[in-house]
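Written out below as structure tokens is the structure these notes cover.
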Amino acid sequence: MSTPSNVTIAPASGRLGILIPGMGAVATTFIAGVEAVRRGLGVPVGSLTQLGTIRLGKRTDNRTPKIKDFVPLAPLECLSFGGWDIYEDNAYEAAVNARVLDAALLAQLKDTLSAIKPMKAVFDHEYVKRIDGPNKKSGADKMELAEALMDDIREFKKTNGCSRLVMIWCGSTETFKKPTAVHQSLASFEEGLRNSDPDIAPSQMYAYAALKLGVPFANGAPNLTTDTPALQELARQNNVAICGKDFKTGQTYMKTLLAPGFKARMLGVSGWFSTNILGNRDGEVLEDPGSFKTKEETKLSVLEQILQPDLYPELYKDLYHAVRINYYPPRGDSKEGWDNIDIFGWLGYPMQIKIDFLCRDSILAAPLVLDLVLFLDLAQRAGMKGIQEWLSFYFKGPMTAPGLYPEHDIFIQLMKLKNTLRWMQGEDLITHLGLEYYD
Ligand SMILES: NC(=O)c1ccc[n+]([C@@H]2O[C@H](COP(=O)([O-])OP(=O)(O)OC[C@H]3O[C@@H](n4cnc5c(N)ncnc54)[C@H](O)[C@@H]3O)[C@@H](O)[C@H]2O)c1
């Protein structure tokens with residue numbers, strides 16, 4: 001099946017600036033990691049754009065280029081980094097505090113990392129209750145704050161000689177909010193900015209500033225942010241690519257591996273209890289019930305949407321699913337996640353599976369940040385605007401068009417991602433039908 005696209009992809013010439021609200025554990029592990037890879041000090045394990053391949057044509061054609069050789073991605077040498085945080089620590093100090101990467105590795109990268117100093121943040125304590133810091137902007141109203149962010153973006157672009165920018169939210173998880181009237185249209189949102197409407201979150205001011213300036217935006221946290229009609233209207237109006245939300249790492253990543261496997265074999269699941277201990281700043285923020293609720297929503301929805309209890313009531317209608325996160329400082333960024341899964345087979349006979357995942361959150365998240373910024377930049381150069389559903393692969397709560405349920409099965413997500421790349425380059429899509437090998 002051939003589906004040639006009419007996509008023209010502008011070349012990845014010049015520098016790509018990566019702008020990051022929230023220069024904490026994930027952001028600094030990402031920046032330091034890219035710098036280490038550039039210098040040959042490490043391998044970008046976990047990154048599809050750097051290590052992944054893509055099959056083209058028939059299995060007998062032996063065409064399997066690396067993804068980065070197949071589509072024109074920005075090379076790592078051409079990336080510049082900047083960001084905002086409420087703390088004044090530069091990227092080196094923040095990385096040391098995050099205690100993710102070894103001190104010896106960070107010492108080798110100190111000069112480059114120390115030069116990345118966070119710009120003053122737009123912050124609202126009502127949205128993130130457990131932390132506060134001195135490096136904040138002040139303004140007469142929320143519109144003035146959003147405009148100050150736009151000034152930062154323009155200034156960063158100029159001083160770093162960038163030809164293009166991408167923004168990715170790596171800030172703390174904001175408190176749980178449902179969209180309200182102010183989020184329903186761009187006009188009401190802009191009115192809300194001028195009136196400092198309390199329902200407009202800081203992450204939405206960053207997203208607004210980015211989209212106004214034509215900068216693609218990804219959301220690594222579960223907050224609403226661009227998942228609102230107002231900001232999606234702005235993205236479409238200004239032809240900007242957006243995606244989100246909440247990086248799919250750790251326990252939820254494991255769920256999206258296992259649950260499709262149970263369903264594929266028509267095995268039942270009666271219970272799934274997930275608990276976590278983690279001791280980083282993210283864990284501290286998630287101690288607040290409002291921030292935890294935001295996280296819980298994306299974590300809980302995954303199973304329901306993969307298992308489809310409406311279609312398979314005998315297998316999943318009574319599934320009991322619970323997720324807990326506890327802040328436990330001694331572990332730092334090294335999280336431990338336990339899952340107890342009660343499944344059942346033939347004639348309803350019960351079985352149990354236990355998973356104990358001693359994972360490193362930021363080590364899992366950093367390559368996703370890299371892939372997302374490179375793919376979003378690619379999408380933008382290919383003229384793809386609005387929600388980029390093909391990037392669902394990276395998210396716990398993938399954004400979709402209104403009324404469309406999200407696809408959570410990671411293998412379907414990967415097929416969709418790769419087929420999108422094939423489509424962009426005018427290659428045949430791969431359906432895995434394969435009858436032609438037996439003709
Ligand atoms: N690490 C993972 O595997 C993973 C997975 C999914 C989602 N996330 C999300 O990614 C985000 C970052 O995680 P982390 O471990 O780096 O957390 P972190 O606490 O180390 O870093 C977040 C940083 O954001 C800053 N911040 C908060 N509000 C801000 C604002 N309005 N403007 C600018 N800076 C602001 C904080 O000061 C902090 O330095 C969190 O929301 C987390 O829930 C992480």
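Relative to the Cα centre, what is the charge dipole magnitude of region 33-148, using +1 at the beta carbon of each Lys and Arg, -1 at the beta carbon of each Asp and Glu, and rounding to the nearest 20 debye?
Working: 17 positive and 16 negative charges, 162 e Å.
Computed charge dipole of region 33-148: roughly 780 debye.
To the nearest 0.05, what FRET efficiency results for M351 and A322 with a Förster distance of 30 Å applied to their C-beta separation?
Values: r = 19 Å, r/R0 = 0.64.
Computed FRET efficiency for M351 and A322 comes out at 0.95.
Looking at region 251-359, send over the antiparallel percent of its DSSP beta bridges, to the nearest 5.
Values: 19 of 27 bridges.
DSSP beta bridges in region 251-359 are roughly 70 percent antiparallel.
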So, for the Cα atoms of region 296-439, Rg and Dmax in Å stand at 19.2, 62
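Would you mind checking K212/K245; K66/K418; K68/K295 for any pair whose Cα atoms are more than 22 angstrom apart? Intermediate values should be presented prior to the final figure.
Values: K212/K245 20 Å; K66/K418 12 Å; K68/K295 32 Å.
Listed pairs above 22 Å: K68/K295.
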Rank F247, L258, S291 by how far each Cα sits towards the positive end of the charge dipole of region 203-344 (+1 on Lys, Arg Cβ; -1 on Asp, Glu Cβ) and give me just the farthest. F247
Find how many whole Å separate the alpha carbon centroid of region 155-196 from the alpha carbon centroid of region 94-115. 29 Å
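GluC sites (Glu not before Pro) within region 103-150: which are DSSP loop residues with at most 15 other Cβ atoms inside 10 Å? Walk me through the numbers on the way to the answer.
Numbers: sites: E126, E144, E147; in loops: E126.
Counting only loop positions with at most 15 other Cβ atoms within 10 Å, the GluC sites (Glu not before Pro) in region 103-150 are E126.
Expected output is a single nm value to one decimal: the length gained when fully extending between S270 and S188, i.e. 0.36 nm times separation in residues minus the C-alpha distance. What is it? Intermediate results must be reported in sequence, preceding the final value.
On the way: separation 82, 0.36 × 82 = 29.52 nm, distance 4.44 nm.
So the chain would gain 25.1 nm between S270 and S188.
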Once every DSSP H run of n ≥ 4 in the chain is given -39500 (n - 2.57) and the sum is divided by its residues, what mean residue ellipticity at 222 nm do you get, rounded to the nearest 500 deg cm²/dmol? -11500 deg cm²/dmol
Using a Cα-Cα cut-off of under 23 Å, which lysines could be cross-linked to K317, ignoring same-chain neighbours fewer than 8 residues away? K255, K263, K299, K354, K396
Whole percent per 10 Å bin, from 0 to the bin with the longest distance: what is P(r) over all C-alpha pairs of region 251-359? 14, 44, 28, 12, 1
Under 16 Å from K416, Cα to Cα: aspartates and glutamates that are on another chain or at least 8 residues apart: D371, E389, E407, E427, D428
Where a Cα-Cα gap under 16 Å defines reach, which aspartates and glutamates qualify for K157, not counting those fewer than 8 residues away within the same chain? E147, D377
Quick one: among R265, R99, R15, which has the greatest mean-square fluctuation in a GNM of the chain with alpha-carbon springs under 10 angstrom? R265
If each part is reduced to its alpha-carbon centroid, region 339-371 and region 246-272 end up apart, in Å, by 7 Å
Can you figure out the FRET efficiency of R99 with C78, using R₀ = 25 Å and their beta-carbon distance, to the nearest 0.05? 0.25
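Assuming R0 = 45 Å, what is the FRET efficiency of S163 and L257, from their Cβ-Cβ distance, to the nearest 0.05? Provide the component values of the computation, followed by the final result.
On the way: r = 38 Å, r/R0 = 0.85.
Rounded to the nearest 0.05, the efficiency is 0.75.
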Over the alpha-carbon set of region 118-176, work out the extent along each principal axis and list the three values in angstrom, largest first. 37, 26, 20
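Computed over the Cα atoms, what is the radius of gyration of region 33-113 divided by 2.2 N^0.38 Å, N being its residue count? Spell out each step's value before the answer.
Numbers: Rg = 17.1 Å, N = 81, 2.2 N^0.38 = 11.7 Å.
So region 33-113 has a normalised radius of gyration of 1.46.
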Out of D282, D318, D89, a Gaussian network model of the chain with alpha-carbon springs under 10 Å gives the largest mean-square fluctuation to D318
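Find the all-direction average of the projected area of the Cα convex hull for the chain, expressing the result in square nanometres with one decimal place. Mind dumping the intermediate values first?
On the way: hull surface 88.8 nm².
Average of the hull's projected areas for the chain equals 22.2 nm².
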I want to make sure I understand the PRE zone here: with the label point 7 angstrom from the Cα of R39 toward its beta carbon, which residues in region 97-134 have backbone N atoms less than 14 Å away? 102-116
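When only C-alpha pairs under 8 Å and at least 6 residues apart count, what is the relative contact order of region 143-242, in percent? It would help to have the intermediate numbers written out before the result.
Values: 130 pairs, mean separation 35.7, N = 100.
Answer for region 143-242 is 36 percent.
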Quick one: which residues, 5+ away or cross-chain, put their amide H under 5 Å from the amide H of S80? H built at 1.01 Å from N. L16, G17, I18
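Taking Rh as the Kirkwood radius computed over C-alpha pairs, what is the Stokes-Einstein D of region 298-358 at 25 °C in a medium of viscosity 0.890 mPa s, expressed in µm² per second? Intermediate values should be presented prior to the final figure.
Details: Rh = 13.9 Å.
So the translational diffusion coefficient is about 177 µm²/s.
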Express as a percent, rounded to the nearest 5, the fraction of DSSP beta bridges in the chain (both residues included) that run antiparallel. 45 percent
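No value in this document is a laboratory result; all are computed from the given coordinates. Everything quoted here is computed from the prediction, not taken from an experiment. A quick note on method: Cβ atoms are made from the backbone with ideal geometry, for glycine too, and the neighbour counts reach across all protein chains shown.
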